């Protein structure tokens with residue numbers, strides 16, 4: 001997953017994402033002995049000139065889909081890209097991320113990396129078009145926030161059986177980034193770049209920004225940032 005806020009080069013980010021999806025960027029636990037591609041579809045979301053979210057998804061591998069080139073010259077201050085390697089749920093556009101739902105206070109977007117095996121219980125099926133564990137995790141988080149006045153502090157402690165529950169949730173007011181994994185730290189650790197005019201979250205260090213300053217999010221932690229800081 002990749003989230004970019006502020007002033008950034010969309011064309012470079014898309015080129016980097018394709019390289020990551022093809023398994024040609026970093027060496028980690030999953031690609032030591034084999035090529036490890038994310039080839040089960042992709043999705044993109046961005047804020048338009050009216051600060052409304054636009055979402056597009058495809059079931060083609062991002063590195064074989066010419067449609068991605070239509071977004072290379074995109075001008076936006078908020079961009080989300082997710083490339084899928086399916087573990088639970090059928091191959092379909094509905095199962096591709098980013099997920100988006102509309103609520104009374106605005107739109108909520110969600111991306112998740114990893115696989116969750118827990119049976120998650122939630123009172124409302126906010127997103128009912130996907131049969132993936134990621135959709136269940138999204139529904140659970142939204143329900144948890146509703147019951148806890150918007151707080152997400154202890155939500156990662158609710159899981160028991162999972163490989164990784166890494167997520168990014170964008171609400172009308174803030175962006176919430178959480179990381180929790182039980183294996184493969186090189187593969188699952190979230191990387192952050194905090195620049196003067198941009199903030200980037202990615203599963204791997206972007207190859208065109210390898211010389212920039214990056215940090216790893218601590219396993220089991222959640223951070224929240226005001227969305228407005230990077231939009232104006």
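The values are calculated or read from the model by the stated rules, or taken from the named source; none is laboratory data. None of the values given here were measured: they were computed from a predicted structure. When we count neighbours, we look across all protein chains shown, and the Cβ atoms used for this are built from the backbone with ideal geometry, even at glycine.
A few points about this structure:
- Residue within segment 146-158 that is over 20 Å from residue 119 (Cα atoms), in contact with a strand residue (DSSP E or B) (Cβ under 7 Å, 6 or more places away or on another chain) and at pLDDT 95 or above present: no
- Summed over segment 99-133, the residues that are within 22 Å of residue 40 (Cβ to Cβ), at pLDDT below 90 and touching a strand residue (DSSP E or B) at 6+ places or on another chain (Cβ under 7 Å) give a count of 1.
- Sole residue being at pLDDT 95 or above, farther than 19 Å from residue 138 by Cβ and touching a helix residue (DSSP H, G or I) at 6+ places or on another chain (Cβ under 9 Å), chosen from 29, 39: 39
- Residue list for segment 1-13, filter: outside any strand (DSSP E or B) and surrounded by 20 or more Cβ atoms within 10 Å (Cβ to Cβ): 1, 8, 13
- Scan of segment 127-155 for residues that are surrounded by 13 or more Cβ atoms within 10 Å (Cβ to Cβ) and under 18 Å from residue 218 (Cα atoms), ordered by number: 152, 155
- Meets criteria (farther than 26 Å from residue 171 by Cα and within 15 Å of the chain's Cα centre (by Cα)) for residue 112: no
- Of all residues in segment 191-224, those satisfying the criterion of being within 26 Å of residue 51 (Cβ to Cβ) and in contact (Cβ under 8 Å) with a residue 60 or more places away in the chain are 195, 197, 198, 199, 200, 201, 202, 206, 209, 222, 224.
- All strands (runs of 3 or more DSSP E) inside segment 31-126 with 2 or more residues being under 19 Å from residue 166 (Cα atoms): 42-47, 78-83, 99-103, 106-113
- Residue 101 touching a residue at least 40 places away in the same chain (Cβ under 8 Å) and within 24 Å of residue 185 (Cβ to Cβ): no
- Where residue 142 falls short, out of the listed (1) touching a helix residue (DSSP H, G or I) at 6+ places or on another chain (Cβ under 7 Å); (2) closer than 24 Å to residue 90 by Cα; (3) assigned to a helix (DSSP H, G or I): (1)
- Meets criteria (in contact (Cβ under 8 Å) with a residue 40 or more places away in the chain, surrounded by fewer than 13 Cβ atoms within 10 Å (Cβ to Cβ) and under 20 Å from residue 42 (Cα atoms)) for residue 90: yes
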